[in-house]
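Here is the structure we will look at.
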């Protein structure tokens, strides 16, 4: 099964992609993680875009994704999280592989701004916390490594709204490019997971 997870920033698609990939035995391909793991000049180039709320250059993203999908771990199926972001990237992806279905996890723009502007990142280990859903035990201090927590520039309201504009304009049209299902992302995480599994395969949902 080859899937794409879509959704506005803050929708929880990354969390759901990770959970669903584990439940279905699929490779979780997070574009964000791949880009953040870049080093040296490539990292500086990527951050020159992302810290302003802009997308990383398409040619760089496509190259990284193609390399990842060629690995053995992705041969039995995968979930693409954060790619493609527009029709041009989708057409490039079509040259590499065929996608079975897109899953859109939907939340309102207001909810997205609320969720993301409450997010905190650790400068030392990269752990992510949220003042609303997952606050640190000590204010401003990472639970895992005691590093300093901070709000990324692209998680500030103005940058978030700019990213949402890009999502609506460039990413939402992908729903016309692929077969898709729409899931309400404002529900509890477990409920969102159940709804996604039902939409893919009713037998995947446990009665536990």
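Only one of these conditions is not met by residue 5: (1) under 22 Å from residue 113 (Cβ atoms); (2) in contact (Cβ under 8 Å) with a residue 24 or more places away in the chain; (3) more than 14 Å from the chain's Cα centre (by Cα). Which number is it?
With respect to (1) under 22 Å from residue 113 (Cβ atoms); (2) in contact (Cβ under 8 Å) with a residue 24 or more places away in the chain; (3) more than 14 Å from the chain's Cα centre (by Cα), residue 5 is out only on (3).
Please specify each residue of region 18-41 satisfying the condition of being within 18 Å of residue 154 (Cβ to Cβ) and in a helix (DSSP H, G or I). Don't jump to the end; show me each part of the working.
Restricting attention to region 18-41, the residues satisfying the condition of being within 18 Å of residue 154 (Cβ to Cβ) are 30-38.
Within region 18-41, 31, 32, 33, 34, 35, 36 meet the criteria.
Does any residue of region 100-110 turn out to be under 17 Å from residue 31 (Cβ atoms), assigned to a loop (DSSP other than H, G, I, E, B) and in contact (Cβ under 8 Å) with a residue 24 or more places away in the chain? Let's see the steps before the verdict.
To start, the set of residues in region 100-110 that are under 17 Å from residue 31 (Cβ atoms) comprises 102-105.
Imposing the further condition that a residue be assigned to a loop (DSSP other than H, G, I, E, B) reduces the set to none.
The answer is no; no qualifying residue exists.
Would you confirm, using the coordinates I've provided, whether residue 99 is under 18 Å from residue 16 (Cβ atoms), modelled with pLDDT of 90 or more and touching a strand residue (DSSP E or B) at 6+ places or on another chain (Cβ under 6 Å)? First the steps, then the outcome.
Values: under 18 Å from residue 16 (Cβ atoms): yes; modelled with pLDDT of 90 or more: yes; touching a strand residue (DSSP E or B) at 6+ places or on another chain (Cβ under 6 Å): yes.
It is true that residue 99 is under 18 Å from residue 16 (Cβ atoms), modelled with pLDDT of 90 or more and touching a strand residue (DSSP E or B) at 6+ places or on another chain (Cβ under 6 Å).
Name the single residue, out of those in region 70-96 being assigned to a helix (DSSP H, G or I) and touching a strand residue (DSSP E or B) at 6+ places or on another chain (Cβ under 7 Å), that is surrounded by the most Cβ atoms within 10 Å (Cβ to Cβ).
Of the residues in region 70-96, the ones assigned to a helix (DSSP H, G or I) are 72-74, 87-96.
This time we only want the ones that are touching a strand residue (DSSP E or B) at 6+ places or on another chain (Cβ under 7 Å), so: 73-74.
On the way: 73: 12, 74: 18.
Result: 74.
The values are calculated or read from the model by the stated rules, or taken from the named source; none is laboratory data. Keep in mind that what you see is a predicted model, and the values were worked out from it rather than measured. Neighbour counts are summed over all protein chains in view; Cβ atoms, including those assigned to glycine, are modelled from backbone coordinates with ideal geometry.
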